[in-house]
């Protein structure tokens, strides 16, 4: 074999053969040695020559890689036969067909397929392909097409990321599955998902779907789909998806917490406001609406100043609010606000400003919890008044006990009562026994313009 490889040369050829190597005339190739045409450092070429020798100097449809006169790779499909006489290989006749273009296309396809497979397997997104829908699109109703998608569509290709989304270890475990196992028909949102895909001309971008993994757990994905239509058939559908389950569950939890918060805030007997950094109301609860007997739009998007709070109190609210926005520490204070529906009426409020911390770690808004404490203040005022009245009565009693002049003591007592009630005159009733008979007398005391309280009238009742 080495002798053939090293010593073989072209002794005769036709013009077609010469042109395959870049020569115009066959005579230019005469004497060209085999190593100049067929690189012997190529393992495939060594195997090619070895097979020729081992085959009794015969070969059919054998591929070789050779070089033209400019050093360009050429691929040929060869048929060879060696002429042996007296145990000598005198010559080799051959025919060959140039398959360079075909081979280059095959190699390009192979490279493309390798890149394609690498892309699918290395992608951080799930990638999948389904096929198997049998009918013509023009003959389907929308519902009938969805029926056949579920009845026939099968996953024929996917990557490991797609498989792992559903709890499987590798793509091979998912290939061959019907779509219903991954995109349950029992979930209405999945039917809506397919309808949107069909109505958009067999394309879909950023559509959310609700799927189920191997353990029956919910999986939420964001999908992009493109259908390939040929001759009125949906021959395949390519899809990519991102697993958004963690995000979706977090959103659901936030939504649930927000719902609980709203339910609580709408039913507690205190007024709750949400205040933006520019001190506008973005939310008020039912207690606010009921206390002021006003619809929500009276408050939303407006400041307390805009709905009737006087400027001095507004400035106080701003000072405290800005401090809470800056420090992130809740504060309490009290102030009065006017009624929106009853002129002259005011509400005494105990207000707590609590910071709401956003994802950035900064205070994004304030929650104001206001307790209407007017009844409490009224009770406090009544207690103070009653305490003063009790003190006065105790003092008068002590005066009675210390003095013999009844009329003088009564006058002092009446004066104290008048001061307590802020009255200009007062009437009292006295039981008096005269001539053995018990009678009731009405005594009127008047001290207008007179520091000493005087009995100005007495009448038997």
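Which residue, of 292, 299, is over 14 Å from residue 351 (Cα atoms) and modelled with pLDDT under 85? Break it down into steps so the answer makes sense when it comes.
Values: 299 fails: modelled with pLDDT under 85.
Testing whether each residue is over 14 Å from residue 351 (Cα atoms) and modelled with pLDDT under 85 leaves just 292.
Residue by residue, here is whether (1) surrounded by fewer than 17 Cβ atoms within 10 Å (Cβ to Cβ); (2) under 15 Å from residue 95 (Cβ atoms); (3) within 60 Å of the chain's Cα centre (by Cα) holds:
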residue	(1), (2), (3)
16	yes, yes, no
33	yes, no, no
40	yes, no, no
43	yes, no, yes
47	yes, no, no
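Go through (1) under 29 Å from the mean Cα position of the chain (by Cα); (2) within 21 Å of residue 235 (Cβ to Cβ) for residue 178 and report which single condition fails.
Here residue 178 clears every test but (1).
Report whether or not residue 183 is under 24 Å from the mean Cα position of the chain (by Cα), surrounded by 16 or more Cβ atoms within 10 Å (Cβ to Cβ), over 22 Å from residue 118 (Cα atoms) and modelled with pLDDT of 90 or more.
So residue 183 does not fit the description; no.
Kindly list the number of the only condition in (1) more than 16 Å from residue 95 (Cα to Cα); (2) loosely packed, with under 15 Cβ neighbours inside 10 Å; (3) touching a helix residue (DSSP H, G or I) at 6+ places or on another chain (Cβ under 9 Å) that fails for residue 63.
Only one criterion is unmet by residue 63, namely (1).
Does residue 166 satisfy being out of contact with any helix residue (DSSP H, G or I) (no Cβ under 9 Å at 6 or more places or on another chain), closer than 20 Å to residue 249 by Cβ and surrounded by 15 or more Cβ atoms within 10 Å (Cβ to Cβ)? I'd like the intermediate steps shown before the answer.
Numbers: out of contact with any helix residue (DSSP H, G or I) (no Cβ under 9 Å at 6 or more places or on another chain): no; closer than 20 Å to residue 249 by Cβ: yes; surrounded by 15 or more Cβ atoms within 10 Å (Cβ to Cβ): yes.
When the stated conditions are applied, residue 166 does not pass them.
Where in segment 243-347 are there strands (runs of 3 or more DSSP E), lying wholly inside it, with at least 3 residues that are surrounded by 16 or more Cβ atoms within 10 Å (Cβ to Cβ) and in contact (Cβ under 8 Å) with a residue 40 or more places away in the chain?
Per the criteria, 271-275.
Among the residues in segment 77-95, are any closer than 30 Å to residue 159 by Cβ and surrounded by fewer than 11 Cβ atoms within 10 Å (Cβ to Cβ)? Talk me through it step by step, then tell me what you get.
Filtering segment 77-95 down to residues closer than 30 Å to residue 159 by Cβ leaves none.
No: segment 77-95 contains no residue that is closer than 30 Å to residue 159 by Cβ and surrounded by fewer than 11 Cβ atoms within 10 Å (Cβ to Cβ).
Since residue 357 meets every condition but one in (1) over 47 Å from the mean Cα position of the chain (by Cα); (2) at pLDDT 70 or above, which condition does it not meet?
Here residue 357 meets the rest and fails (1).
Residue 291: outside the structural domain of residue 144 (by TED's automatic domain parsing) and either touching a strand residue (DSSP E or B) at 6+ places or on another chain (Cβ under 9 Å) or closer than 25 Å to residue 120 by Cα (or both), yes or no?
yes
Name the single residue, out of those in segment 6-21 being in a helix (DSSP H, G or I) and over 16 Å from residue 96 (Cα atoms), that is modelled with the lowest pLDDT. Outline the logic, then answer.
Going residue by residue through segment 6-21, those that are in a helix (DSSP H, G or I) are 6-7, 15-20.
Subset that is over 16 Å from residue 96 (Cα atoms): 6-7.
Working: 6: 54, 7: 71.
Here the answer is 6.
Here are 68, 98, 143: which of them is assigned by TED's automatic domain parsing to the domain that holds residue 234 and at pLDDT 90 or above?
Working: 68 fails: assigned by TED's automatic domain parsing to the domain that holds residue 234; 98 fails: assigned by TED's automatic domain parsing to the domain that holds residue 234.
Testing whether each residue is assigned by TED's automatic domain parsing to the domain that holds residue 234 and at pLDDT 90 or above leaves just 143.
All but one of (1) touching a residue at least 60 places away in the same chain (Cβ under 8 Å); (2) assigned to a helix (DSSP H, G or I) hold for residue 101; state the number of the condition that does not hold.
It fails just one condition, (1).
Given the structure, is residue 121 touching a helix residue (DSSP H, G or I) at 6+ places or on another chain (Cβ under 9 Å), surrounded by 11 or more Cβ atoms within 10 Å (Cβ to Cβ) and assigned to a helix (DSSP H, G or I)?
Taking the combined requirement at face value, the residue satisfies it.
Identify all residues within segment 186-220 that are at pLDDT 90 or above, touching a helix residue (DSSP H, G or I) at 6+ places or on another chain (Cβ under 9 Å) and either in a loop (DSSP other than H, G, I, E, B) or closer than 18 Å to residue 130 by Cβ (or both); write none if there are none.
Of everything in segment 186-220, those that are at pLDDT 90 or above, touching a helix residue (DSSP H, G or I) at 6+ places or on another chain (Cβ under 9 Å) and either in a loop (DSSP other than H, G, I, E, B) or closer than 18 Å to residue 130 by Cβ (or both) turn out to be 191, 194, 195, 198, 202, 203.
Residues 2, 24: which one is more than 23 Å from residue 106 (Cβ to Cβ), surrounded by fewer than 14 Cβ atoms within 10 Å (Cβ to Cβ), over 60 Å from the mean Cα position of the chain (by Cα) and at pLDDT 90 or above? So that I can check it myself, show each step before the final result.
Numbers: 2 fails: at pLDDT 90 or above.
Residue meeting the stated conditions: 24.
Tell me, which residue of segment 303-320 that is at negative phi and touching a strand residue (DSSP E or B) at 6+ places or on another chain (Cβ under 6 Å) is modelled with the lowest pLDDT?
Result: 309.
The values are calculated or read from the model by the stated rules, or taken from the named source; none is laboratory data. Note that this is a predicted model, so its numbers are computed, not measured. We place every Cβ from the backbone using ideal geometry, glycine too, and count neighbours over all the protein chains shown.
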